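The values are calculated or read from the model by the stated rules, or taken from the named source; none is laboratory data. A quick note: this is a predicted structure, and the numbers were derived from the prediction, not measured. Cβ coordinates were reconstructed from backbone atoms using ideal geometry, including for glycine residues, and neighbour counts include every protein chain displayed. Remember, those area values only see protein heavy atoms, side chains included, never the ligands or the DNA or RNA. Shrake-Rupley method; radii C 1.70, N 1.55, O 1.52, S 1.80 Å.
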Amino acid sequence: MIEKLYKLKKNQTDQKLMQKAQLMSKIEQIDIEIVLTQNRIDTASVEKHGAISDFMILTIHKNTMKMHIQKLKNEKNTLYMQAENLTKDIIELQKEAEQFSYILEEEKKELIKRILAAEEEASTEYIQSKYISKSKGLN
């Protein structure tokens, strides 16, 4: 039973680690998109002698891209919080797995002690039977 619980905790830990890796991958994608969007903001322009409406459209476009960047940063912060929560879950699962591992080790040690005690008892009985049979042979 303890071994099954130990394996369950290990599997849950592995799943949480995979989820965290996926979140970190999403965060990295968001960082890349932020950089690309910022680059587009920096390089967006209109023709030198364009109409005033072109400048208005450019300003609207840049503001839209800035809002997109802000939205991405908010999403990134949310993902970081989820990653932190997963890290806490992973730590708890690892603690529980270690506890079950310790219990398993203690059970193995106890089993070995019982086996050794049984072997010692069998050995003692064998020696006593040999001694008794030799004693009877001397009489």
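Structure above, values below:
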read-out: Unique match (being out of contact with any Leu (no Cβ under 6 Å at 6 or more places or on another chain), among the hydrophobic types (A, V, I, L, M, F, W, C), assigned to a helix (DSSP H, G or I) and surrounded by 13 or more Cβ atoms within 10 Å (Cβ to Cβ)) among ILE34, ILE41, ILE112; value: ILE41
read-out: Criterion: of a type in the set (S, T, N, Q), in a helix (DSSP H, G or I), modelled with pLDDT of 95 or more and open to solvent by 100 Å² or more (accessible area, probe 1.4 Å) - qualifying residue of GLN29, GLN128, GLN70; value: GLN29
read-out: Selected residue (only one of GLU75, GLU105, GLU119 is assigned to a helix (DSSP H, G or I), under 17 Å from LYS10 (Cβ atoms) and of a type in the set (Asp, Glu)); value: GLU105
read-out: Breaking point among (1) at pLDDT 95 or above; (2) loosely packed, with under 13 Cβ neighbours inside 10 Å; (3) not hydrophobic (A, V, I, L, M, F, W, C), for TYR102; value: (1)
read-out: Test for GLU96: is it open to solvent by less than 100 Å² (accessible area, probe 1.4 Å), over 30 Å from SER25 (Cβ atoms) and among the charged types (D, E, K, R); value: no
